[in-house]
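Take a look at the structure set out below.
The values are calculated or read from the model by the stated rules, or taken from the named source; none is laboratory data. Since the structure is predicted, the reported quantities are computational estimates derived from the model, not experimental observations. Quick reminder, even Gly has a Cβ in these numbers, built from the backbone with ideal geometry, and neighbours come from all protein chains shown. We work out accessible area using only protein heavy atoms, side chains counted, and drop any ligands, DNA or RNA first. Shrake-Rupley method; radii C 1.70, N 1.55, O 1.52, S 1.80 Å.
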Amino acid sequence: MSWLSDTLTSTIGRKLVMSLTGLFLIIFLVVHLAGNFQLLADDGGLAFNAYAKFMTSNPLIKFTSYGLYAFILIHIIMSIVLAAKNRSARPVGYAQVKGSANSSFSSRNMGILGFIIFVFLVIHLRNFWYEMHWGSIPMDEAGNKDLYAVVNAAFSQWWYVAIYVVCMVGLAFHLSHGFSSAFQTLGINHKKYTPFIKKLGIVYAILIPAAFASIPLIMFFNS
């Protein structure tokens, strides 16, 4: 297992792990968004509750979920380790910093943006994931836990919706750099393909967080 320890202790290996876990999470966001759109179905939450029941009871989905949690944790740990290593390699800051001249806002603030996303995940998992598994949630008319009622109650509060939207903005900036950076780390860097990947990353970074943010906004203004 020396190859594993070498990978996890080298800078290149850590960046590779971050890229792979990041791309997995990028794919997961699309799947999660498709499920969340069930919240907008005009059926009193029956479709969303059935989806939530499937996601928490299907053995294959549950196994995949454990992998997802592990990938999120690994992604966070690797980002912290790499940030600390970068700081230790350059303990004295530059006399004059002109970050905007050489890098984007997102690339200079990936740590802050990542922290915003982490805080959002803690709040999100506590309010919904925890409640679905261990909370006292009543049943809907189909016999499933009425998680829709929990989500609807949260999205009826303006401050919660505001936090959600702000965090989606942070996610958008994080993705705008992380998407193309992941491909570059994996060696997919070519004058023919890189411009397309960067444009695709920008489109993804705008559309996916915007779609997530639209759900609580629609539910809030329709409540």
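Our summary gives the range 99-223 a relative contact order of 30 percent, counting only alpha carbon pairs under 8 angstrom and 6 or more residues apart.
Are there any helices in the chain, counted as whole DSSP H runs, that stretch 30 Å or more along their axis by Cα and score at least -0.5 on average by Kyte-Doolittle, and if so which? It would help to have the intermediate numbers written out before the result.
Values: long enough: 11-36 (36 Å, 1.53); 59-89 (45 Å, 1.11); 158-185 (39 Å, 1.03); 194-222 (41 Å, 1.50).
Going by DSSP H runs, the hits are 11-36, 59-89, 158-185, 194-222.
Structure shown: which of Lys15/Lys191; Lys15/Lys53; Lys15/Lys198; Lys62/Lys191 lie over 30 Å apart, alpha-carbon to alpha-carbon? The answer is Lys15/Lys53; Lys62/Lys191.
Computed about its Cα centre, the charge dipole of the chain is approximately 1340 debye, with only Lys, Arg, Asp and Glu carrying charge at their Cβ.
Could you work out [θ]222 nm for the chain from helices alone, using -39500 (n - 2.57) per DSSP H run of at least four and dividing by all its residues? Round to the nearest 500 deg cm²/dmol. Write down the numbers at each step before the final one.
Details: 11 runs with 170 residues, N = 223.
After summing the helix terms and dividing by residue count, I get -25000 deg cm²/dmol.
Any idea what the relative contact order of the chain is, in percent, if you count C-alpha pairs under 8 Å spaced at least 6 apart?
Numbers: 181 pairs, mean separation 62.4, N = 223.
28 percent.
Over all Cα atoms in the range 163-223, the spread is summed up by Rg and Dmax: 14.5, 49 Å.
Of all aspartates and glutamates in the structure, those lying under 19 Å Cα to Cα from Lys85, and not within fewer than 8 positions of it along the same chain, are Asp6. A convex hull fitted to the Cα coordinates of the chain yields 161 cubic angstrom per residue. Each residue, Arg126 and Tyr193, gets one label point 7 Å from its Cα in the Cβ direction; the gap between the two is 4.3 nm.
Of the whole protein surface, Ser57 contributes about 60 Å² of accessible area at a 1.4 Å probe radius.
For the range 113-223, report the convex hull volume of the alpha-carbon atoms normalised per residue, in Å³, without decimals.
Values: hull volume 14.8 nm³, N = 111.
Dividing the Cα hull volume of the range 113-223 by its residue count gives 134 Å³.
You can think of it this way: the chain between Tyr66 and Asn222 has 52.7 nm of extra reach, that is 0.36 nm per residue less the Cα-Cα gap.
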